[in-house]
Amino acid sequence: MARALRALTRLMGWACVAIGVFHVALGNAAIPGAASAGTTIDSWGRFMGASFAGYGLAWLWAARQRPIPATAVRWLAGVFLLGGAGRLLSLTVHGRPQWFQVVLTVIELGLPPLFFWLADAEERALRDGAETVPAGR
């Protein structure tokens, strides 16, 4: 369980950094169905891309701790879940978005419960001595 937490935390961090940088670099072109959304949305999207890259760096920071702090994982997963809830609200208010946004909604609602479940896996493993925990550095 501790190894799964460490691997998923790293994967989440690097994925968010990559997605964020992608949005900073490409602006509207990075958002499926929004290529012609205009300069205001382009500016907002690039800003949010930088914020998402920073969010990914927070995941990577957590992944480098020994043990990975359960509180940080829960907070970061909660933010991700809130993003999925925002997408659900948008779907309710405005209808079905472009198909890839639906896929992202499923990921954003499905992944946080896994993180909530695994959040204290490394802390437990170190406390119980039940599993060798990789150093992560």
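Remark: relative contact order (the chain) = 32 percent; criterion is Cα-Cα distance under 8 angstrom and separation of 6 or more residues. Expressed as an acute angle from 0 to 90° and rounded to the nearest 10, what is the orientation of the C-alpha long axis of helix 2-26 relative to the principal long axis of the chain? It is inclined by approximately 20 degrees. Surface exposure of region 22-137, expressed per residue as accessible area with a 1.4 Å probe, stands at 59 Å².
For region 84-109, list residues with backbone N below 14 Å from a point placed 7 Å from the Cα of Trp61 toward its Cβ? Label zone hits: none. The long axis of helix 99-118 is offset from the longest Cα principal axis of the chain by roughly 20 degrees.
Listed values (i) -0.31, -0.69, -0.84, -1.22; (ii) -0.36, -0.67, -0.80, -1.22; (iii) -0.27, -0.66, -0.85, -1.34 include one computed from this model; for log10 I(q)/I(0) by the Debye sum over Cα atoms at q = 0.09, 0.14, 0.16, 0.21 Å⁻¹ that value carries the label (i). For region 79-86, putting each phi into the Karplus relation 6.51 cos²θ - 1.76 cosθ + 1.60 with θ = phi - 60° gives couplings of 4, 4, 5, 4, x, x, 5, x Hz, in residue order, rounded to whole numbers and with x for Gly and Pro. With all protein chains in place and ligands, DNA and RNA left out, the 1.4 Å accessible area ranks Thr71, Thr105 as Thr71, Thr105, largest first. Note on the chain: with a GNM built from Cα contacts shorter than 10 Å, the maximum mean-square fluctuation among Ala25, Ala58, Ala70 falls on Ala25.
Scalar couplings 3J(HN,Hα) for region 48-61, obtained by applying the Karplus form with A = 6.51, B = -1.76, C = 1.60 to θ = phi - 60°, are 5, x, 5, 5, 5, 4, x, 4, x, 5, 5, 4, 5, 4 Hz; x denotes Gly and Pro.
Shown for region 32-111: the carbon plus sulfur share of the solvent-accessible area, taken with all protein chains present and a 1.4 angstrom probe, equals 71%.
The values are calculated or read from the model by the stated rules, or taken from the named source; none is laboratory data. Predicted model, so just to flag it, every value in this text is computed and none were measured. Cβ: placed from backbone, ideal geometry, glycine included. Neighbour counts: every protein chain shown. Side chains included, ligands, DNA and RNA excluded: accessible areas come from the protein's heavy atoms. Shrake-Rupley method; radii C 1.70, N 1.55, O 1.52, S 1.80 Å.
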